[in-house]
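Student: Just dropping this structure here.
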Amino acid sequence: MVTMNQEIKQLYARIELLEKENKASAEIIRDLSPSQCMFTQSKDGILIFDHNDKIVDANPAFCESIKMDKSAMIGQYLSNIVPINKHFKPGKQREILKHKDNVRGILSIHIGKKTKDFHFTTSILDKSGLYMCTLRDITSKRLLEKKVKKNEELYTDLFIEALDGIIFWRGSGEILNANEAACRIFECTHDELLHKRLDDFVYEKNERYHRILKELFAKGGIRDELVFLMPNGQIKSLEFTVKLNSVEGYHMTIFRNVSERHRMEKELRESELKFRRIFEGALEGIFLWNDHYQIVDINQSGQKMLQMSKDELIGVSLHSILNDCNITDDELKQQINSIQNDGHSGGSLSITLKTGRKKHFEFSNKLNVFSNLSMTTFKDITEKLEMEEQLRKSDTLNVIGELAAGIAHEIRNPMTALKGFIQLLEDSIEEDHTMYFNVITTELSRIDSIITEFLILAKPQAVKFLEKDLAQIMKETVDLLSAQAVLHNVQFRTYYEKNLPLVFCESNQMKKVFINIIKNAIEVMPKGGYITISLQNTRDNKLHISIRDEGSGIPGHKIKKLGEPFYTTKERGTGLGLMVTYKIIEEHNGTIEVESKLGAGTVFHIYLPYIKKAGKQ
Ligand code: ADP
Ligand code: MG
């Protein structure tokens, strides 16, 4: 039986217990409130979940960081919000938490298109049987770390792998660090370098060195070049860039070995010089031309041969030089194409120079000798050709001359008899045969003229050479032929240079020369025109006589035939006039050149040497 007292006693005990419980609860609450405060105020996200992985609570920081409402989150399974990746497995975490205070790790959550990285710590929320996970957003920190790491790697790569030597130094040149390239340049191991000072290597601490130092400290940086002496005795020219205080108070110098470059530059200069010497010294003309067939360079011999200066020639196209000669555009193209096909070609061609002189050249081309330039070497073969031509002509002339000497007299005597008898016959015949007699007489006089010309060849020794005024002889010739010229409606234009020197010559023969050429000129202008005659002094002590007509001209390949015996294109020509002319000029040590343009006319140039007398002329 329970007494009243006992009941009261039990009641008191119960009250006491309740009071104790109340006190404990108050303590728990007192303990809880700062954590509650921490929960809402924390910058880190906090998630509270139960043993079923269901979310019980989430703090504002977490809601904000994954952009989700707390109400939408509560009651959801963790896996719907936080990906259960290899770092975040609640089941495993619970296992671990049985004997550890907390579990830490890193996890990534995809929020929209972005991914955020969190550092998480899971622990048991005491007594309640709940779990608390704090998540710290480390996205930007990780990004920054990554960037720093990348930069560091880049820097290391640059430093180590750089082809240029990089040296960090401080104070007055103590080397702190150097990369491999620097070790190679300074012919030292890394350790050896670290015990040295930069200026230990400077070959000569000369004025230049001091100037560089001065400028460096004045400007904080410099780029220059100096000669350095390596411990193994090697001397190197190094180009360098110095920057003071480039990294954390250290100075940085980047070195590059330019000795090789200098050596190559020197070699290049030397080989260029060698090329120049050969190029300029060559007896043959050499020019270089580019893809557009423009002359890029020409040597001295070339300028002399073409009688043009470098300035006049550079940039000029090959066409415009060659256009002067008798090559048509098509022929020219063909020639250039044939060059392109085999890379190496040659030939010969004629060019009329500025001075009007026609020159013959032999040339050889080599395509793409270097850097898209092609090279042509050429040689003036005018004299050689002329000599060959003269030799050929004079051979025939000699034969004719010998023949002439024998035959001329034999023919002349019977001719005189023939002439006399024909006259007698004409007088004695009563019927009118005037036409026949006319034919006979003209044919006879033609034979006579042929023989006269033959005789000139036959007896050169009978002539008398004297110093004569050729202008005077020319004037007389022009007078002599003026009647014939008027008949053909031809007019003379004459230019005589003043004070022309006298020429040692046979005046009758010279007259013969002029007559032959002028007669041809008249004959070639059936419709009339001008014959332009000029006499002038050349620089090389020759008298230059030119006789120009406005006739039909002579085709290029026929010019060679002029002066050959019996070469004539005229129905009643003898083909001996020019032969005699050439022979006479040859005997006077002179030369003849023929310049002709079809349809425009022909010029005969005669060059006669004279002996220059001191004081006179
Ligand atoms: P020929 O006058 O008797 O024909 P030449 O020896 O004087 O003999 O001339 C030879 C040839 O040279 C002429 O037939 C002519 O074809 C050519 N020739 C000479 N002079 C001229 C000229 N001024 N213009 C054109 N052709 C010429
Ligand atoms: Mg003639």
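The values are calculated or read from the model by the stated rules, or taken from the named source; none is laboratory data. In this text, all values refer to a predicted model and were calculated from it rather than measured experimentally. Cβ: placed from backbone, ideal geometry, glycine included. Neighbour counts: every protein chain shown. Remember, those area values only see protein heavy atoms, side chains included, never the ligands or the DNA or RNA. Shrake-Rupley method; radii C 1.70, N 1.55, O 1.52, S 1.80 Å.
Student: Once you place label points 7 Å from the Cα toward the Cβ at M38 and K147, how far apart are they in nm?
Tutor: The answer from the label model is 3.2 nm.
Student: Of the accessible area of region 162-257, with the probe set at 1.4 angstrom, what percent is carbon plus sulfur?
Tutor: 51
Student: Suppose every Lys and Arg Cβ carries +1 and every Asp and Glu Cβ carries -1, with no other charges. What dipole size does the chain come out with about its Cα centre, to the nearest 20 debye?
Tutor: 2500
Student: Pairs to check: K358/K560; K475/K527; K384/K468. Give those whose C-alpha atoms are more than 21 Å from each other in this structure.
Tutor: K475/K527; K384/K468
Student: Hey, what's the per residue convex hull volume over the C-alpha atoms of the chain, in cubic angstrom?
Tutor: 393
Student: Continuing with the same structure: Taking the Cα centre as origin and putting +1 on Lys and Arg beta-carbons and -1 on Asp and Glu beta-carbons, what dipole magnitude results for region 164-205, to the nearest 20 debye?
Tutor: 140
Student: Taking only DSSP H segments of four or more residues, each worth -39500 (n - 2.57), what value at 222 nm results for the chain once the sum is divided by all its residues, to the nearest 500 deg cm²/dmol?
Tutor: -15000 deg cm²/dmol
Student: Further question: Quote the charge dipole size of region 2-146 about the Cα centre in Debye, to the nearest 20; the model charges only the Cβ of Lys and Arg (+1) and of Asp and Glu (-1).
Tutor: Roughly 780 debye, rounded to the nearest 20.
Student: Along region 552-564, what does the Karplus equation 6.51 cos²θ - 1.76 cosθ + 1.60 (θ = phi - 60°) give for ³J(HN,Hα), rounded to whole Hz, x for Gly and Pro?
Tutor: Values, residue by residue: 7, x, 10, x, x, 6, 8, 4, 4, 7, 4, x, 6 Hz.
Student: Give a residue-ordered list of calculated ³J(HN,Hα) values for region 192-198 (Karplus: 6.51 cos²θ - 1.76 cosθ + 1.60, θ = phi - 60°; whole Hz; x for Gly, Pro).
Tutor: 4, 5, 5, 8, 10, 10, 4
Student: With respect to the cross-link table entries K92/K141; K379/K512; K498/K561, which display a Cα-Cα separation exceeding 31 Å?
Tutor: The pairs that break the limit, which is 31 Å between Cα atoms, are K379/K512; K498/K561.
Student: Still on this structure: Express the relative contact order of the chain as a whole percentage, based on alpha carbon pairs under 8 Å and six or more residues apart in sequence.
Tutor: Answer for the chain is 5 percent.
Student: I'd like the FRET efficiency for F437 and T355, computed as 1/(1 + (r/R0)^6) with the beta carbon distance as r and R0 of 56 Å, rounded to 0.05.
Tutor: 0.55
Student: Now, a different point. Once you order the gyration tensor axes a ≥ b ≥ c over the Cα atoms, which shape class does region 162-257 get: rounded for a/c under 1.5, otherwise prolate or oblate by comparing a/b with b/c?
Tutor: oblate
Student: Which lysines does K354 reach when only Cα atoms under 16 Å apart count, and residues fewer than 8 places away in its own chain are ignored?
Tutor: Cα-Cα hits under 16 Å: K304, K310, K597.
Student: Taking every DSSP beta bridge that has both residues in the chain, what percent is antiparallel when rounded to the nearest 5?
Tutor: Roughly 95 percent of the beta bridges in the chain run antiparallel, per DSSP.
Student: With labels modelled as points extended 7 Å from the Cα through the Cβ direction, what inter-label distance (nm, one decimal) is found for M308 paired with D540?
Tutor: Output for this residue pair reads 2.1 nm.
Student: Which lysines have a Cα less than 18 Å from the Cα of K236, not counting those fewer than 8 places away in the same chain?
Tutor: K196, K205, K266
Student: Probe of 1.4 angstrom, ligands and nucleic acids ignored: what's the accessible area per residue over the chain, in square angstrom?
Tutor: Spelled out: the 1.4 Å probe surface of the chain, per residue, equals 63 Å².
Student: Taking amide H atoms as placed 1.01 Å from N in the peptide plane, list the residues 5 or more away in sequence, or in a different chain, whose amide H sits under 5 Å from that of L176.
Tutor: F168, W169, R170
Student: While we're on this one: Go ahead and run the numbers for FRET between N290 and L158, Cβ-Cβ distance against an R0 of 35 Å, rounding to 0.05.
Tutor: 0.25
Student: I want to make sure I understand the PRE zone here: with the label point 7 angstrom from the Cα of R211 toward its beta carbon, which residues in region 220-264 have backbone N atoms less than 13 Å away?
Tutor: Once the point is set 7 Å along Cα→Cβ of R211, 224-226 turn out to lie under 13 Å by backbone N, inside region 220-264.
Student: Moving to a separate point now. Among E431, E248, what's the order by accessible area (1.4 angstrom probe), most exposed first?
Tutor: Descending order: E248, E431.
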